[in-house]
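Remarks on the structure that follows.
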Amino acid sequence: MSRYFNVALLLRVLVPFVLLLSSLLCASAQADDICKKLTATGNPEYPPFLWRDAQDENHLIGANAELMQALSKEIGVPIEVKYMGPWARVQEEAKLGHVDLIAGAFFTLPRLDYMDYFYPAFRETRTAIWTKKESKLVYRKWSDLLGKNGITVINNSFGEDFDRYAKESLKIVTVSSLEQALVMLNLSRAQYLIYEEDPGLAYVSKLNMKDLKTMPTAVANENLYLTMSYKSPCNTPDMRGRISKALYNLDKQGLMNKLVASHIQLWRKQQSK
């Protein structure tokens with residue numbers, strides 16, 4: 001009787017474990033089966049990093065898009081870099097799991113609520129204060145902006161510390177696009193603009209705005225990261241590990257520096273046509 005009792009007890013312990021293991025293996029297999037392709041997106045007003053392809057406006061091109069193709073080869077999974085709307089919408093799409101990857105995002109605590117960050121960062125960027133050339137604004141530290149009317153692009157971040165300071169102490173309005181912000185600054189509807197230097201220079205060149213300048217002191221030097229939506233069906237331990245290893249290898253090769261240099265030239269060539 002005790003022998004049968006022990007077998008029954010063993011079965012009661014083992015059966016749920018076997019079922020759980022089977023379920024986990026099945027879920028992993030389903031995830032691998034679903035993840036035949038990754039979709040990436042990002043800020044479409046971000047040359048030389050990302051901008052809309054004039055030949056196909058449903059896709060993005062730029063240094064970050066090229067990095068995604070190099071990453072694709074490393075992990076053996078196709079990556080499509082799509083246009084998903086302005087930067088604010090891109091972040092909403094990531095929250096909803098409608099896109100797998102964001103190819104270029106600064107680190108902020110709120111973004112940890114809906115996406116994973118991959119390390120190392122693939123680029124450091126310089127955020128600058130933009131003004132008109134005749135402006136008498138002198139910027140050396142954040143407090144120099146107190147009482148001044150600033151402008152930036154909605155849902156943009158310039159580092160956790162500055163974002164907090166700006167929210168508590170500065171007067172900054174937000175608009176939907178960098179081009180709109182530059183036009184408003186050029187028309188003196190704001191005293192300064194906060195934005196990353198490389199994309200700002202690219203758009204100033206495109207718009208032929210010769211009366212704008214950047215201050216020599218940076219607001220912040222922030223890292224750009226690749227991120228993955230929590231709700232992406234591809235967000236599995238295996239896929240995250242593969243992407244992290246691939247990014248590490250690409251970083252060691254110094255690939256991003258070459259891509260930025262070549263895409264600055266590409267952007268200028270396209271704008272001159």
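Read-outs: derived from the displayed coordinates by stated rules, not from any lab. What you see is a predicted model, and the numbers here were worked out from it, not measured in a lab. Because the Cβ atoms are built from the backbone with ideal geometry, glycine has one as well, and the counts that use them run over all protein chains shown.
Using the Cβ-Cβ distance between ARG240 and SER176 with R0 = 35 Å, the FRET efficiency computed as 1/(1 + (r/R0)^6) comes to roughly 0.60.
Between the Cα long axis of helix 237-252 and the first principal axis of the chain there is an angle of about 40°, rounded to the nearest 10. The Rg/Rh ratio for the stretch 118-249, using Cα coordinates for both the radius of gyration and the Kirkwood hydrodynamic radius, is 1.06.
3J(HN,Hα) along the stretch 201-216, derived from phi through the Karplus expression 6.51 cos²θ - 1.76 cosθ + 1.60 where θ = phi - 60°, amounts to 4, 5, 6, 4, 5, 4, 8, 6, 8, 9, 9, 10, 9, 10, 7, x Hz, with x in place of Gly and Pro. Each part gets one Cα centre, and for the stretch 72-135 versus the stretch 196-265 those centres are 8 Å apart.
Helix 87-96 and the long axis of the chain differ in direction by around 10°, with both axes built from C-alpha atoms. Between helix 160-169 and the chain there is an angle of about 50 degrees, using the helix long axis and the longest principal axis of the Cα atoms. Residues whose amide H lies under 5 Å from that of TYR195, counting only those 5 or more places away or on a different chain, are ALA128, TRP130; hydrogens are built 1.01 Å from N in the peptide plane. More than 32 angstrom separation, counting every C-alpha pair in the chain; what % is that? I get 33 percent for the Cα pairs in the chain exceeding 32 Å. Across the chain, Cα pairs under 8 Å and at least six residues apart give a relative contact order of 28 percent.
For the listed peptides 80-92, 99-111, a ranking on the average number of other beta carbons within 10 Å per residue, highest first, reads 99-111, 80-92. Near the amide H of VAL153, within less than 5 Å, lie the amide hydrogens of VAL175, all on another chain or at least 5 residues away, with H placed in the peptide plane.
Among the listed pairs LYS132/LYS252; LYS95/LYS171; LYS133/LYS269, those whose Cα-Cα separation exceeds 31 Å are LYS132/LYS252.
Our summary gives the stretch 126-221 a relative contact order of 51 percent, counting only alpha carbon pairs under 8 angstrom and 6 or more residues apart. Sorted on the mean count of surrounding Cβ atoms within 10 Å across their residues, most packed first, peptides 194-201, 162-169 read 194-201, 162-169.
Once every DSSP H run of n ≥ 4 in the chain is given -39500 (n - 2.57) and the sum is divided by its residues, what mean residue ellipticity at 222 nm do you get, rounded to the nearest 500 deg cm²/dmol? Mind showing how you got there, number by number?
Details: 8 runs with 119 residues, N = 273.
Only helices count here, giving -14000 deg cm²/dmol.
Summarising the strand pairing of the chain, around 70 percent of its internal DSSP beta bridges are antiparallel.
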